[in-house]
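Encoded as structure tokens, the structure appears first; notes follow it.
The values are calculated or read from the model by the stated rules, or taken from the named source; none is laboratory data. Bear in mind that the values here come from a model prediction, so they are computed numbers and not experimental data. Glycine also receives a Cβ, built like all others from the backbone with ideal geometry; neighbour counts cover every protein chain displayed.
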Amino acid sequence: MFEYLDEFIQDNEDDIIITGGITEDRIHVLEDKLELELHKEIKEFLLRYGIIMGYGVEILGCGKGSESSLVRETQRFREFGLEKEYVVIRNVDEWIYCLNNKNGKISSWDRNEKKHLLKGDSLEKYILDELMDAKEEWD
């Protein structure tokens, strides 16, 4: 899991920021705050990377010593009607990108329409696609 993303990060290490992974204990704290057990792919993301930023893209997560942007944004959008099985992984103004905690699929959620549009089958593929597209526009 995440071998393609690891390769992309290595090839672009000067332009990618990773906050560093968090511990299993910290993941349990996040799960308690969200009142759910996180999907295995988002757990692995948090353990390996924490948060990833590059080329204007930020994938939410949790840094080693900071508040969790993933928890903060998920709780915030639950107040606007986001269903409990979704975890916010990216906030881009009118669109919120979410991981379906039941099946690991990625969707965009329109907070006004309260509808999901499927964007990918895995977190790794979604992140990689977003970073690669942003890199092309960046150059």
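Numerical summary
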{"item": "Odd one out for residue 67 among (1) modelled with pLDDT under 95; (2) on the phi > 0 side of the Ramachandran plot", "result": "(2)"}
{"item": "Candidates 73, 67, 31 - the one that is surrounded by 19 or more Cβ atoms within 10 Å (Cβ to Cβ), of a type in the set (Asp, Glu) and within 15 Å of the chain's Cα centre (by Cα)", "result": "73"}
{"item": "Number of positions in the stretch 1-28 that are among the hydrophobic types (A, V, I, L, M, F, W, C), surrounded by fewer than 16 Cβ atoms within 10 Å (Cβ to Cβ) and at pLDDT 95 or above", "result": "1"}
{"item": "All positions within the stretch 50-93 that are touching a residue at least 60 places away in the same chain (Cβ under 8 Å) and either hydroxyl-bearing (Ser, Thr, Tyr) or out of contact with any helix residue (DSSP H, G or I) (no Cβ under 9 Å at 6 or more places or on another chain) (or both)", "result": "55"}
{"item": "Residue count for the stretch 128-139, restricted to those that are surrounded by 15 or more Cβ atoms within 10 Å (Cβ to Cβ), under 24 Å from residue 38 (Cβ atoms) and not aliphatic (A, V, I, L, M)", "result": "1"}
{"item": "Residue 41 vs. criteria acidic (Asp, Glu), within 11 Å of the chain's Cα centre (by Cα) and within 18 Å of residue 106 (Cα to Cα)", "result": "yes"}
{"item": "Residues that are over 16 Å from residue 91 (Cα atoms), in contact (Cβ under 8 Å) with a residue 24 or more places away in the chain and not in a helix (DSSP H, G or I), drawn from the stretch 110-139", "result": "122"}
{"item": "Every pair of residues 6+ apart whose Cβ atoms lie under 7 Å, when the first sits in the stretch 1-27 and is at negative phi while the second is among the hydroxyl-bearing types (Ser, Thr, Tyr) and not in a helix (DSSP H, G or I)", "result": "15/55; 18/49; 21/49"}
{"item": "When residues of the stretch 76-127 are limited to those that are exposed (fewer than 13 other Cβ atoms within 10 Å of the Cβ) and either within 14 Å of the chain's Cα centre (by Cα) or among the aromatic types (Phe, Trp, Tyr) (or both), the one nearest to residue 3 (Cα to Cα)", "result": "121"}
